[in-house]
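Okay, here's the structure, questions in a sec.
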Amino acid sequence: MKYIILYTILISSLLFACGNKNQTSAVNQDKTEAIENKIFVPVTTCYMGSMGKDSFHLKVETFENVVTGSLAYLFYEKDQQRGTFEGKFSSDTLWADYTYSSEGQTSIRQIAFLFKDGKAIEGYGDMEEKDGRMVFKRAGDLQFGSGLKLNEVPCEN
C-alpha cells in the first residue's frame, strides 16, 4: 500500500511537471511573438517659441533607437520652413537631419538642439555642404546660448 501511494505521487508529479513545461513553453512563445510584433510608442514632447512676430514649433518623438519629429520656422511675412527630422540623442543634445520645404524647394540640413530645464535650445555654427546637405563644419564649435530658445508645451493632437 505504501508503494502504491509513493508510485501514485511520483506519476502525478511527473505528469504535472510535463504539463507545466508545455504551459511554460506556450507562455514563452506568446512573449516572443509579442516582442516580434511590438509596436513602439514614442515619448513625445513639444516645444514652442517666438521672436517678435516669428514663431517656432518643435515636436520630438523619441523611440528606442531613433528620434524623429517635426520642426517649423514660421517667419512673419517671409518664406516659412516646415519639415521633419530624424536623428539621435548624444547625452542631452539632439543631432538630426532636417528635411524641409521653403520657397517651393526641398532641402536637407543638420540641426542640433540642447534640451535643458524644459527648454530646447537650437545650436548655431558655421555650415558647409557635404553630399547634398548642409552640415556643421565643427560640432564642437556650436553655440547654444544666443539662438532660438523654445519652451516645452503640451502637445496638440
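If you check Phe63 against the conditions, is it touching a residue at least 24 places away in the same chain (Cβ under 8 Å) and among the aromatic types (Phe, Trp, Tyr)?
Here the answer is no, as Phe63 does not meet what is asked.
Continuing with this model, one more query. Can you say whether Leu142 is assigned by TED's automatic domain parsing to the domain that holds Tyr47, over 22 Å from the mean Cα position of the chain (by Cα) and surrounded by 15 or more Cβ atoms within 10 Å (Cβ to Cβ), as far as the supplied structure shows?
yes
Hey, can you tell me all the residues within segment 70-117 that are in contact with a Phe, Trp or Tyr (Cβ under 7 Å, 6 or more places away or on another chain), closer than 17 Å to Thr45 by Cα and not in a strand (DSSP E or B)?
Asp92 - this is the single residue of segment 70-117 that is in contact with a Phe, Trp or Tyr (Cβ under 7 Å, 6 or more places away or on another chain), closer than 17 Å to Thr45 by Cα and not in a strand (DSSP E or B).
Given (1) under 17 Å from the mean Cα position of the chain (by Cα); (2) assigned to a loop (DSSP other than H, G, I, E, B); (3) of a type in the set (Asp, Glu), identify the lone condition not met by Glu152.
(2)
The rows are residues; the columns are (1) under 15 Å from the mean Cα position of the chain (by Cα); (2) assigned by TED's automatic domain parsing to the domain that holds Ser55; (3) surrounded by fewer than 14 Cβ atoms within 10 Å (Cβ to Cβ); (4) on the phi < 0 side of the Ramachandran plot.
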site: Asp92; (1), (2), (3), (4): yes, yes, yes, yes
site: Thr99; (1), (2), (3), (4): no, yes, no, yes
site: Gln105; (1), (2), (3), (4): no, yes, yes, yes
site: Arg133; (1), (2), (3), (4): no, yes, no, yes
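Among residues belonging to segment 107-131 that are within 17 Å of Met48 (Cα to Cα) and among the small types (Gly, Ala, Ser), point out the one that is surrounded by the fewest Cβ atoms within 10 Å (Cβ to Cβ).
It comes out as Gly118.
For the structure I just gave you, tell me whether Gly87 is out of contact with any helix residue (DSSP H, G or I) (no Cβ under 9 Å at 6 or more places or on another chain) and either at pLDDT below 95 or surrounded by fewer than 15 Cβ atoms within 10 Å (Cβ to Cβ) (or both).
So Gly87 fails the test.
Among all residue pairs at least 6 apart or on different chains, which show Cβ distances below 6 Å where the first residue, located in segment 91-113, is farther than 19 Å from Lys78 by Cα and the second is not in a strand (DSSP E or B)?
Qualifying pairs under 6 Å: Ala112/Gly123; Ala112/Leu142.
Residue-by-condition table, conditions (1) under 20 Å from Leu148 (Cβ atoms); (2) at pLDDT 95 or above:
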site	(1), (2)
Thr24	no, no
Val43	no, no
Asp54	yes, no
Val60	yes, yes
Asn65	no, no
Asp79	yes, no
Gly83	yes, yes
Ser101	yes, no
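The values are calculated or read from the model by the stated rules, or taken from the named source; none is laboratory data. Here the structure is a predicted model, which means the values were calculated and not measured. So basically every Cβ, Gly included, is an ideal-geometry build from the backbone, and we count neighbours across all protein chains shown.
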